[in-house]
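I have placed the structure first, in the form of structure tokens, so that the comments after it can refer back to it.
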Amino acid sequence: MPTYEALPRFTTDLDRLTPEQRRKFRQTVAAFVEDLRAGGRFRAGLRVKRVQRASGIYELTWSMGTGPAGRATWQYGPARRPDTPHVIWRRIGTHDILTGP
């Protein structure tokens, strides 16, 4: 099981989401974790890609139903357990979070 931590800004952003948006994020993270366990090749539907001009930071995109797509930014951190990826969640919200990923 991959390990993770959330930066304070991520937690603040998460608290601003609606319960439905948080539910959709949790569903997306379940698939994300499954792909990490399988070696880190992410399925196309997760739309994982590097954030431009932000070295080592990635974004994960999913549908939040009506309105703009949901996004979360993250990076790999030092492994807490051998051979286990560690994810640091940085921001969550809409496209606007990419101005300060």
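For region 1-68, rounded, prolate or oblate, judged on the Cα gyration tensor with a ≥ b ≥ c (square roots of eigenvalues), a/c < 1.5 rounded, else prolate if a/b > b/c?
rounded
With the crude spin-label approximation of a point 7 Å out along Cα→Cβ, what separation in nm comes out for Thr94 versus Gln27?
2.0
Probe radius 1.4 Å, ligands and nucleic acids ignored: give me the carbon and sulfur share of the accessible area of the chain as a rounded percent.
Roughly 51 percent, rounded to a whole number.
With label points built 7 Å along Cα→Cβ from the Cα atoms of Asp35 and Ala69, find their separation and express it in nm.
1.1
Taking θ = phi - 60°, what integer Hz values does the Karplus form 6.51 cos²θ - 1.76 cosθ + 1.60 yield along region 14-27, in sequence order, with x for Gly and Pro?
4, 5, 7, 6, 6, x, 5, 5, 5, 4, 5, 5, 4, 4
Taking trypsin sites (Lys or Arg not before Pro) as candidate sites, keep only those in a DSSP loop with at most 13 other Cβ atoms within 10 Å, then name the longest stretch of the chain containing none of them.
Between the exposed loop sites, the longest stretch runs 1-40.
If R0 is 25 Å, what FRET efficiency do you get for Ala44 and Thr12 from their C-beta distance, rounded to 0.05?
0.25
How much area per residue is accessible in the chain when the probe is 1.4 Å and only protein heavy atoms are counted (Å²)?
62
The values are calculated or read from the model by the stated rules, or taken from the named source; none is laboratory data. Being a predicted model, the structure only gives us computed values, none of them experimental. A quick note on method: Cβ atoms are made from the backbone with ideal geometry, for glycine too, and the neighbour counts reach across all protein chains shown. Note: accessible area is taken over every heavy atom of the protein model, side chains too, but ligands, DNA and RNA are not part of it. Shrake-Rupley method; radii C 1.70, N 1.55, O 1.52, S 1.80 Å.
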